[in-house]
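Beneath this line is the structure, given in structure tokens, with notes to follow.
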């Protein structure tokens with residue numbers, strides 16, 4: 001089953017000098033601006049050989065209090081197994097809250113926790129059968145128009161043959177203009193099933209502001225697990241108001 005994104009709600013505020021978070025798997029610690037919305041209409045696809053797993057839907061993020069962001073990810077999932085055709089249905093609903101507890105503007109440091117509950121709401125076998133809990137810590141350092149952000153999280157992953165696992169990542173982005181940002185990331189996940197393999201991914205990402213509250217976000221890159229090569233791609237249209 002495709003990964004539901006760690007990055008559900010990040011800073012695309014038009015006034016911010018450095019953008020981070022989506023389209024990357026790696027998250028950043030900056031919450032949505034107070035009393036503002038960030039909405040991502042996204043498509044997230046993973047594939048290996050003839051198999052394809054994907055999620056499409058909405059990431060809804062609201063700045064509920066100073067330093068606090070509330071998030072809901074409402075997905076539709078789909079998959080194709082070689083020789084078995086396509087299937088689609090509801091995905092697993094995600095609810096999360098990001099709290100930034102370090103905001104040192106003078107030195108460019110930020111840090112936040114972003115606990116996330118993943119609920120077993122999927123249909124047609126396209127999600128988990130038990131609720132999961134992700135507990136990550138994200139840190140960011142800004143230097144001019146360049147940002148380095150990353151961190152790690154532990155996911156409690158109950159269920160037959162499942163095992164709890166770690167996720168980690170680091171990303172570097174640079175604003176080449178007021179409308180264009182380009183970056184790259186490396187992400188890693190330990191095995192989430194008994195006897196499974198850890199995985200590593202590399203993505204190249206682009207954020208292009210389209211004018212007004214809209215921006216286009218794109219990312220893609222290869223993944224490596226157990227000697228096999230896969231691919232990952234992400235696209236979203238964001239609305240910030």
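Values in this text are rule-based calculations from the coordinates and carry no lab data. This one's a predicted model, so the numbers in the text were calculated from it and none came from an experiment.
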Mind checking the full-extension length gain between residue 58 and residue 224? Use 0.36 nm per residue of separation minus the Cα-Cα distance, one decimal, nm. 57.0 nm
Taking every pair of alpha-carbon atoms in region 37-240, what share in percent sits in each 5 Å bin, from 0 to the bin with the longest distance? 1, 7, 11, 16, 24, 20, 11, 6, 3, 1, 0, 0
Separation of region 176-241 and region 90-113 by C-alpha centroid, Å? 18
Evaluate the relative contact order of the chain (contact order divided by residue number), counting alpha-carbon pairs under 8 angstrom at least 6 apart; express in whole percent. 18
Can you list the equivalent-ellipsoid semi-axes of region 115-214, largest first and in whole Å, using the square root of 5 times each Cα gyration tensor eigenvalue? 32, 17, 12
Highest-fluctuation residue, 99, 24, 40 considered, GNM on the chain with Cα pairs under 10 Å: 99
